[in-house]
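Report on the following structure.
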Amino acid sequence: MTSTPIADLWPTLPGGADARPEAAYRLLQAAVESFAERGFHATTTRDIATGAGMSPAALYIHYPSKAALLAEISRVGHAATLELVRAAAAGEGGPVARMRRLVEEFTVWHARARTVGRVVNYELHALPPDAYAVVLALRLDIEREVGTLIEEGRAAGDFEVAEVRTAARAVTSLGIDVSRWYTERSSETPEELGRRYGELVLRMLGAARWSPGLVSRP
């Protein structure tokens, strides 16, 4: 299952890629692959340890349980996504250009990091309550960033949207679902899919009446 290695997500966060032992990364990667393939509840700590080339006892040196692994994966995956969304929303250009860029990058992320994306978005029900609260806050922050950009575009007359919160959820749901079905055998590259999704979202938000390139008013 080829996808972005989970260790690549940590350099975007405080502490950097060298903030934890290499063995912890191996466990996280093995957990991601096991959770994506079997589901959280069907995965055992032995499955994870074996996938990391370690003994089950060695797992507990770094993580007290498989739930702790899921919590860490979910937190980091959502934090990386939030950082991406914030950067795109605060970038150059008007609301239409920034929304297009946001959707393209959001889509590419969920295609390239699809294994992580599948776990963090479709195993939420398995998180312990305290971990779920942390992840829920990150998800709401992502939705708010998208909603704020939509509201800015609506105020500028670039978007025609009746209800901003529903539109923001539709935008994020479209990209998130890519992690569910995208594979290395898909006919489109992540970048091609991102461009097409970018156009679809702008049309959904009512920006299609602008220039043929859907970037600014004619």
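Step through the residues of the range 115-132 one at a time and calculate ³J(HN,Hα) from phi using the Karplus curve (6.51 cos²θ - 1.76 cosθ + 1.60, θ = phi - 60°), rounding each to whole Hz and writing x for Gly and Pro.
Karplus values, whole Hz, x for Gly and Pro: 5, 4, x, 5, 5, 5, 9, 10, 10, 4, 5, 8, 6, x, x, 5, 5, 4.
Expressed as a fraction of 2.2 N^0.38 Å, the rule-of-thumb size for a compact globular protein of N residues, what is the C-alpha radius of gyration of the range 35-120?
1.42
Can you run phi through the Karplus equation (6.51, -1.76, 1.60; θ = phi - 60°) for the range 103-114 and list ³J(HN,Hα) in whole Hz, with x for Gly and Pro?
With the stated coefficients, the range 103-114 comes to 5, 4, 6, 4, 5, 4, 4, 6, 7, 6, 9, 4 Hz.
Remind me, relative contact order of the chain in percent, using alpha carbon pairs under 8 angstrom and six or more residues apart?
Normalised by residue count, the contact order of the chain is 24 percent.
For the chain, what D do you get in µm² per second when you plug the Kirkwood radius from alpha-carbon pairs into Stokes-Einstein at 25 °C and 0.890 mPa s?
Here the translational diffusion coefficient equals 135 µm²/s.
Given R₀ = 22 Å, FRET efficiency for Thr189-Ala87 by Cβ-Cβ distance, to 0.05? List each step's numbers first, then the result.
On the way: r = 22 Å, r/R0 = 0.98.
That gives a FRET efficiency of 0.50.
Please build a GNM for the chain, connecting alpha carbons under 10 Å apart, and tell me which residue among Val178, Val164, Val146 fluctuates the most.
Judging by the Gaussian network model, the answer is Val164.
Would you calculate the separation in nanometres between label points at Arg38 and Ala57, each defined as 7 Å from the Cα along the Cα-to-beta-carbon direction?
It is 2.1 nm.
Using each residue's phi in the range 64-81, evaluate 6.51 cos²θ - 1.76 cosθ + 1.60 at θ = phi - 60° and report the 3J(HN,Hα) Karplus result to the nearest Hz, with x for Gly and Pro.
In residue order, the calculated couplings are x, 6, 5, 5, 5, 5, 4, 4, 5, 4, 5, 5, 5, x, 6, 5, 5, 5 Hz.
Can you give the Kirkwood hydrodynamic radius of the range 123-209 from its Cα pairs, in Å with one decimal?
One over the average 1/r among Cα pairs gives 14.7 Å for the range 123-209.
Quick check: at a probe of 1.4 Å, how many percent of the accessible area of the chain sits on carbon and sulfur atoms? Each step should come with its number before you reach the end.
Details: 5580 of 10300 Å².
That share works out to 54 percent.
Going by amide H atoms built from the backbone, whose H comes under 5 Å of the H on Gly206, apart from near neighbours?
Sorted by chain and number, the residues that satisfy this are Glu160.
Keeping all protein chains in place, calculate the accessible area per residue for the range 129-210 (probe 1.4 angstrom), answer in Å².
Ligands and nucleic acids excluded, the figure is 54 Å² per residue.
The values are calculated or read from the model by the stated rules, or taken from the named source; none is laboratory data. Here the structure is a predicted model, which means the values were calculated and not measured. Glycine also receives a Cβ, built like all others from the backbone with ideal geometry; neighbour counts cover every protein chain displayed. Surface areas here come from the heavy atoms of the whole protein model, side chains and all, with no ligands, DNA or RNA. Shrake-Rupley method; radii C 1.70, N 1.55, O 1.52, S 1.80 Å.
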